[in-house]
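Here's the structure we're looking at; comments come further down.
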Amino acid sequence: MIDFAQFDSLLQVADYFTTNDICKQTIAEARWADGEAVCPYCGKKHCKMGKDGRYLCKDCRRKFNVTVGTIFENTKLPLRKWFMAMYLISSHKKGVSSLQIMRDVNVTQKTAWFLLHKIRGLYGITDAIALDGEVEMDEMYLGGREINKHESKKTEGTQGRSTKTKTPIFGMIQRGGNVVAMKVDDTKGATLMPIVSQFVEQGATTYTDEANIYHKLSENGYEHLFVNHSQREYVRANDIHTNGIEGFWAHFKRVIFSTYHCVSKDYVQRYIDEQAYRWNTRKMSASYRFEDMFKKAAKSFDYTDVLSLSSVVDVVAWKTKHDSYYWAGKVA
Ligand SMILES: [Zn+2]
């Protein structure tokens with residue numbers, strides 16, 4: 001079994017993955033934990049590798065490559081370049097641009113862009129995230145001149161949060177723990193409350209600003225404490241504030257503006273997922289994140305679905321279809 005802890009730099013990744021066979025072997029290990037190939041078409045284990053390196057399923061008689069059903073399926077690019085791009089993306093705290101991938105992996109910018117977006121699609125595949133204890137929540141608006149939300153709230157109060165020119169994003173963060181954030185169609189209570197109950201355990205203490213949309217939290221089984229941003233109150237009694245989630249927004253905006261400059265509305269969710277992933281794994285090493293990303297990449301799924309997701313409704317529907325572990329955890 002490959003030990004991912006050995007990958008401390010891009011050079012080590014390039015030195016280890018020298019041939020396509022080594023790369024394929026590593027995908028097989030990540031994909032089939034017990035080492036036995038599973039047919040992607042019928043799910044049976046009776047598969048034998050032929051001389052051409054492809055597997056033959058003895059049940060349904062179909063032939064398949066180790067990459068079928070993974071992010072690498074049908075790629076014409078050497079797998080080692082994929083792995084190098086994955087390492088770069090997982091090791092840079094602020095993300096990498098397609099220009100940097102183009103230079104470091106030696107591909108065209110078009111290919112680099114393609115790699116970035118395929119790999120970024122993996123972040124949508126989250127394991128069970130449930131927030132508990134002390135949970136802060138807040139919305140932010142990306143685009144337009146309203147990027148500085150504090151200012152806009154001060155001048156406009158909590159009403160009239162127009163979403164015509166801006167993309168609303170809703171976020172929840174467990175203090176000292178994980179963040180969950182997503183693009184939403186609007187920031188009405190009817191939209192946000194189901195999301196809260198999906199991710200936040202009942203009985204948790206929630207912290208928000210004074211916006212009306214949060215007033216139903218206490219009716220929905222949460223303790224609810226809030227500060228009044230419109231009256232310039234940012235912290236009350238030392239621990240009533242939303243500084244944690246605002247810190248995440250600040251980080252997110254810095255990355256968007258410094259690394260990516262501008263973001264298409266259609267791809268906002270992928271950038272959010274990427275930054276939420278970085279945040280949630282901030283205490284992990286680059287090699288751990290590389291291994292984790294590798295396992296996600298080797299996981300068999302219909303990735304064309306993932307890449308087309310752009311709204312929270314789609315994400316939830318996709319999770320329902322693909323991530324039974326996640327839902328099993330919530331139901332139990
Ligand atoms: Zn089969």
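The values are calculated or read from the model by the stated rules, or taken from the named source; none is laboratory data. Since this is a predicted model, take the numbers as computed values, not measurements. Each accessible area value is taken on the protein alone, full model and side chains, heavy atoms only, with ligands, DNA and RNA left out. Shrake-Rupley method; radii C 1.70, N 1.55, O 1.52, S 1.80 Å.
What region 28-107 shows is 53 Å² of accessible area per residue, with the surface traced by a 1.4 Å probe over protein heavy atoms. For the listed residue pairs 166/299; 110/166; 93/295, the alpha carbons are over 31 angstrom apart in 166/299. Rolling a 1.4 Å probe across the protein heavy atoms gives region 155-297 an accessible surface of 44 Å² per residue.
Using C-alpha pairs below 8 Å separated by at least 6 residues, the relative contact order for region 23-77 is 24 percent.
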